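A.B. asks: Please find one structure pasted underneath; my questions will follow.
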Amino acid sequence: MAFWLNFTFTIIEFVGGLMVNSVAILSDAVHDLGDTLAIGMGWVLGKVSRKQADQRFSYGYQRLSVLAALLNALVLIAGSVFVISEAIPRLWAPEMPDTTGMLALAILGVTVNGLGAWRLLRQSSLNASVIRWHLLEDVLGWVAVLVVSLVLMVWEIPILDPILSIGFTLFILFNVARNVWASLKVFLQAVPTEVDTDALVDALQAPPAVAGVHHVHVWSLDGQQHVFSAHIKLGGEPPMEELRGLKSRFSALVKEYGFAHSTIELEWPEEMCRNAEQGNEEGE
Ligand SMILES: [Zn+2]
Ligand SMILES: [Zn+2]
């Protein structure tokens, strides 16, 4: 529902922007295209990622959302390059947009985005500040077009149109860069910033029976669901009862972090680390 509304409106913006000869409207259209794609992909991914993990994809399908975010970024970059290539020549040779058409599209834009924002904000589950901020951007982008169209009706300063367009497109690209960086970190299996690996390793190392912790790996499936694994070397061979106590202590520690997948390997004092030769890790 929200998807089709956005989709239809994005097409109206692109066609309308070209018809009324306003690059500011085109840059708003690119922004809304990004939103439409994000909603559409969220919709499709919501269905696909609910599919359970299987033998071929043992972690399930959540990582598709990272791929989708990168594809969305590529579309936004392509759209931004197009708008900027249209807008820059107009800085030197400004063209007057059809201000009446521009005003009409701006009123439509404020209405559609305002209604969308109002509807989403009424659902309390979506009150995250990120979403609030984004909805505000959607509306403010169109308010800016509205103001410029009103100014152009009174004074003939056509350069305002490409200036607004370039400013808004740079803002879009700034957000794209931020999102791409976050997605790339997930792709490259960076340690999620909210996980304090040192604190976790210290806690795992605290029991006197533990000689050391190595092969510590923390990464994220999709930015929200994280994976943890580690090898724990024991200093001796404690009796079963003590071993049980140790295991449940490790388990409780790791559980606090809420990892979606976690694995701990226990090594005996004289046991060679199975992965010692792999990669550049010190192993033991
Ligand atoms: Zn390793
Ligand atoms: Zn090991």
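The values are calculated or read from the model by the stated rules, or taken from the named source; none is laboratory data. What you see is a predicted model, and the numbers here were worked out from it, not measured in a lab. Heads up, the Cβs are rebuilt from the backbone with ideal geometry, glycines too, and the neighbour counts pull from every protein chain shown.
A.B. asks: Please tell me if LEU71 is closer than 25 Å to SER165 by Cβ, in a helix (DSSP H, G or I) and at pLDDT below 85.
C.D. replies: In short, yes.
A.B. asks: Please enumerate the residues belonging to region 152-183 that are surrounded by fewer than 13 Cβ atoms within 10 Å (Cβ to Cβ), among the hydrophobic types (A, V, I, L, M, F, W, C) and closer than 23 Å to GLY101 by Cβ.
C.D. replies: Residues satisfying the conditions are MET153, VAL154, TRP155.
A.B. asks: So, one more: Would you pick out the residues in region 194-216 that are within 16 Å of ligand 2 (Cβ to nearest atom) and in contact (Cβ under 8 Å) with a residue 12 or more places away in the chain?
C.D. replies: VAL201, LEU204, VAL210, ALA211, GLY212, VAL213, HIS214, HIS215, VAL216
A.B. asks: Another question, then. How many residues, within region 258-276, are within 11 Å of ligand 1 (Cβ to nearest atom) and modelled with pLDDT under 90?
C.D. replies: Total satisfying the criteria: 4.
A.B. asks: Given (1) over 30 Å from GLU256 (Cβ atoms); (2) in contact with a His (Cβ under 9 Å, 6 or more places away or on another chain), where does GLU194 come up short, assuming only one miss?
C.D. replies: Among (1) over 30 Å from GLU256 (Cβ atoms); (2) in contact with a His (Cβ under 9 Å, 6 or more places away or on another chain), the lone unmet condition for GLU194 is (1).
A.B. asks: For THR100, work out the one condition from (1) surrounded by 14 or more Cβ atoms within 10 Å (Cβ to Cβ); (2) assigned to a helix (DSSP H, G or I) it doesn't fulfil.
C.D. replies: Going through the list (1) surrounded by 14 or more Cβ atoms within 10 Å (Cβ to Cβ); (2) assigned to a helix (DSSP H, G or I), THR100 breaks only (1).
A.B. asks: Any idea how many residues of region 187-235 are assigned to a strand (DSSP E or B) and either in contact with a Ser or Thr (Cβ under 9 Å, 6 or more places away or on another chain) or of a type in the set (A, V, I, L, M) (or both)?
C.D. replies: Here the count works out to 14.
A.B. asks: Right, here's the next one. Looking at ALA29 and the list (1) surrounded by fewer than 21 Cβ atoms within 10 Å (Cβ to Cβ); (2) farther than 19 Å from VAL180 by Cβ; (3) of a type in the set (A, V, I, L, M, F, W, C), which single condition is not satisfied?
C.D. replies: (1)
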